[in-house]
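What follows draws every value from the coordinates through simple rules; no lab data is involved. Worth saying up front: this structure is predicted, and the values here are computed from it rather than measured. Don't worry about glycine lacking a Cβ; one is built from the backbone with ideal geometry, like all the others, and counts go over all protein chains shown.
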Amino acid sequence: MKFLCVEDNATQRHMIDLMLASTGIDVDFAASGAEALDAFQTSEYDAVLMDIDLPDMTGVEAVRTIRQMEAGFHLGSTPVLFLGRVEEDAALADGCLPKPFTADGLKTAIDRILTAARGSGLEGTLRAAR
């Protein structure tokens, strides 16, 4: 299972990496919306963790572009979890996790978006990926 995590803060990226290390999820990191869009075009992801406040565009703008890319290529919708408070267009994502959050909170939120999108939560999806 492979995730894209978009977070401009290096400390936050490191913390998320540590929080997800025990899950077996392979995580690619991007520090900006532009990096996220480049990564999304070159790799397939099972889910995207998207910070709201990015230096070059908002997380909402990045997800809006991802949704346009998916539609343009007739792809299914990749589950997206916004990291931070969303004030607009929250419906673009499958969930939102306000900062600060704990490892358990992150795993629970991921489980929720995967269950909603795929009918199988984090553990089931990881088992199926093996």
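Tabulated results
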| item | result |
| --- | --- |
| The chain, dipole about Cα centre (Lys/Arg Cβ +1, Asp/Glu Cβ -1), debye to the nearest 20 | 500 |
| Max mean-square fluctuation residue, GNM over the chain, Cα-Cα springs under 10 Å, options 62, 34, 47 | 34 |
| Extension gain, residue 56 back to residue 115 (0.36 nm per residue minus Cα-Cα distance, nm) | 18.1 nm |
| Which labelled figure in [x] 0.92; [y] 0.97; [z] 1.02 is Rg/Rh (Cα atoms, Kirkwood Rh), once derived from the coordinates | [x] |
| Residues with amide H under 5 Å from that of residue 6, placed H, sequence gap 5 or more | 30, 49, 50, 51 |
| Difference of contour (0.36 nm per residue) and Cα-Cα distance, residue 71 to residue 14 | 17.3 nm |
| 5 angstrom amide H check on residue 80, placed H, neighbours 5+ away | 48, 94, 95 |
| Percent antiparallel among DSSP beta bridges (both partners in the chain, rounded to 5) | 0 |
